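The values are calculated or read from the model by the stated rules, or taken from the named source; none is laboratory data. If you're wondering where the values come from, they're calculated on a predicted model, not measured in any experiment. Cβ placement follows ideal geometry from the backbone for every residue including glycine, while neighbour counts extend to all protein chains displayed.
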Amino acid sequence: MLKLNAKPEPVEIDLAKSAVVVVDMQNAFASKNGMLDIAGVDISGARAVIRSISGVLEATRRAGVPVVYLQMGFKPDLSNSGGPSAPNWHKELALRLMACRPELKGTLLIEGTWDFAIVDELKPQAGDLVIVKSRYSGFANTPLDAELKARGIRYLFFTGIATNVCVETTLRHAFVLDYWPILISDAVMPAGPPAMQEATLFNVESYFGWTIPASEFTEKITTS
């Protein structure tokens, strides 16, 4: 077992049963002219998060720890969106923008588009697990839980965008499925003001898991 200097208290994890989860590091969320940028959300912190995740993944792969990518996306015909009878249709940002702005139809988070693609700096490598999802939680209507269980994974380290939306939702879902969730606090970025980041850190540390900086994670798995 590996002891991490986490908040709100140290936590022990089994590296052989761990995986790093990269949530929605797509052009939609991290690139200029992507969905969040089009919506007017401040994405100025995205480059720092990309650099942080890149360092995390370098150490992760060197240590032989599995990497899981979650990728938000919809079919071109929106058949996996839930349709007008589902709240997802009315609240998910890409769906709302495409409904309100006809010139964006078919361009935001649609599978195969630039917006849907993972940013070049963090492209998945051979052996990485890539799960496409159509809801905020990576566990909703996907094989993620089955894939993790098949690999004997129990400890999940979360990175990605947005801290307060898909990252937090998937982390909470992991908690109720009895995974051990650890949020890498400087490898995530919120959609919205800094208070959103602070709220998720509070929620995770108080109720759903633990937080650590990227330096703690990379140092411990590098020297273990």
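Pick from T170, T200: which is more than 17 Å from V20 (Cβ to Cβ) and either of a type in the set (K, R) or under 15 Å from the mean Cα position of the chain (by Cα) (or both)? Walk me through how you get there before you give the answer.
Working: T170 fails: more than 17 Å from V20 (Cβ to Cβ).
Every option except T200 fails the conditions.
Quick one: in the stretch 202-224, which of the residues that are within 19 Å of L171 (Cα to Cα) and either of a type in the set (V, I, T) or touching a Lys or Arg at 6+ places or on another chain (Cβ under 6 Å) (or both) is surrounded by the most Cβ atoms within 10 Å (Cβ to Cβ)?
Keep residues of the stretch 202-224 that are within 19 Å of L171 (Cα to Cα), which gives 202-214, 217.
Still in the running and either of a type in the set (V, I, T) or touching a Lys or Arg at 6+ places or on another chain (Cβ under 6 Å) (or both): 204-205, 208, 211-212.
On the way: V204: 25, E205: 17, F208: 17, T211: 21, I212: 21.
Within the stretch 202-224, the match that is surrounded by the most Cβ atoms within 10 Å (Cβ to Cβ) is V204.
If I ask for residues that are farther than 18 Å from A187 by Cα and either without any contact (Cβ under 8 Å) to a residue 40 or more places away in the chain or of a type in the set (F, W, Y) (or both), which ones from the stretch 31-73 would you list?
Across the stretch 31-73, the qualifying residues are K32, N33, D37, G40, G64.
Restricting the first residue to the stretch 2-16 and requiring it to be closer than 14 Å to Y155 by Cα, which pairs with a second residue that is in a loop (DSSP other than H, G, I, E, B) and at pLDDT below 95 meet a Cβ separation below 9 Å and a spacing of at least six or different chains?
L2/S224; E12/M1; I13/M1; D14/M1; L15/M1; L15/S224
So is D120 surrounded by 12 or more Cβ atoms within 10 Å (Cβ to Cβ) and more than 14 Å from the chain's Cα centre (by Cα) or not?
Working: surrounded by 12 or more Cβ atoms within 10 Å (Cβ to Cβ): no; more than 14 Å from the chain's Cα centre (by Cα): yes.
Against the criterion (surrounded by 12 or more Cβ atoms within 10 Å (Cβ to Cβ) and more than 14 Å from the chain's Cα centre (by Cα)), D120 does not qualify.
One residue is enough: does the stretch 52-70 have a residue meeting the conditions within 23 Å of G106 (Cβ to Cβ), among the hydrophobic types (A, V, I, L, M, F, W, C) and under 21 Å from the mean Cα position of the chain (by Cα)?
Yes, that holds for at least one residue.
Within the stretch 128-185, count every residue that is hydrophobic (A, V, I, L, M, F, W, C), free of Cβ contacts under 8 Å to residues at least 24 places away in the same chain and farther than 20 Å from F202 by Cα.
Of the residues in that region, 2 qualify.
Test each condition in (1) farther than 21 Å from I38 by Cβ; (2) crowded, with 19+ Cβ neighbours inside 10 Å; (3) of a type in the set (G, A, S) for A150 and report the one that comes out false.
(2)
Enumerate the helices (runs of 4 or more DSSP H) found wholly within the stretch 1-101, keeping only those where 3 or more residues are hydrophobic (A, V, I, L, M, F, W, C).
Details: elements: 27-30, 35-38, 46-62, 87-91, 93-100.
Where helices (runs of 4 or more DSSP H) fall fully within the stretch 1-101 and carry at least 3 residues being hydrophobic (A, V, I, L, M, F, W, C), they are 27-30, 35-38, 46-62, 93-100.
When you check R172 against the structure, is it under 26 Å from G64 (Cβ atoms), surrounded by fewer than 21 Cβ atoms within 10 Å (Cβ to Cβ) and not aliphatic (A, V, I, L, M), yes or no?
When the stated conditions are applied, R172 does not pass them.
Being under 12 Å from the mean Cα position of the chain (by Cα) and modelled with pLDDT of 95 or more narrows it down to one of P190, P213, so name that one.
The match here is P190.
Answer yes if at least one residue in the stretch 176-198 is surrounded by fewer than 16 Cβ atoms within 10 Å (Cβ to Cβ), more than 21 Å from R47 (Cβ to Cβ) and either in contact with a His (Cβ under 7 Å, 6 or more places away or on another chain) or β-branched (V, I, T) (or both), and no otherwise.
The answer is yes; a qualifying residue exists.
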